[in-house]
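The values are calculated or read from the model by the stated rules, or taken from the named source; none is laboratory data. Computed from a predicted model, the values in this text were never measured in an experiment. What goes into the accessible areas is simple: the full protein's heavy atoms, side chains included, and nothing from ligands, DNA or RNA. Shrake-Rupley method; radii C 1.70, N 1.55, O 1.52, S 1.80 Å.
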Amino acid sequence: MVNCGICSLSDWPHQSPDLNIIEALWSDLKGSIAKCRAATIEDLWMTCEEKWAQIPVEKIKKMCESLPRRIEEVIKMKGRN
C-alpha cells in the first residue's frame, strides 16, 4: 500500500492529548446538564441551549489562545502523555 504522506489512524499515538477545544466544551456542557432534571426531551434540549449560551466567550478565547502552547507540548512529547 502506498503511504502518499497521509497519516492513518493506526499511526496516531495511543491516548494522544485531545487538542480539539470543542471536546472540553462538550464536557463542561455535559457536567452542567447532569445537574438538571429534564422531564421531557424538549426540556433537555432547552436546557442544553441555555447552558451552551452561558459559556463565557472569554473562556472559549482562552482555550483558543492556549492551542499553540498545547501543540508545542504534544510535539515535544512526540504525541505521548
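So the values come out like this:
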{"read-out": "Of Lys30/Lys61; Lys51/Lys76; Lys30/Lys78, those spanning more than 24 Å from alpha-carbon to alpha-carbon", "value": "Lys51/Lys76; Lys30/Lys78"}
{"read-out": "Whole-Hz couplings from phi, Karplus 6.51/-1.76/1.60, listed for region 51-60; x for Gly and Pro", "value": "5, 4, 5, 7, 5, x, 4, 4, 5, 5"}
{"read-out": "Ranked order, Arg37, Arg80 - accessible area, probe 1.4 Å, largest first", "value": "Arg37, Arg80"}
{"read-out": "Under Karplus coefficients 6.51, -1.76 and 1.60, residue-wise ³J(HN,Hα) of region 63-71 in Hz, glycine/proline x", "value": "5, 5, 5, 7, 4, x, 5, 5, 5"}
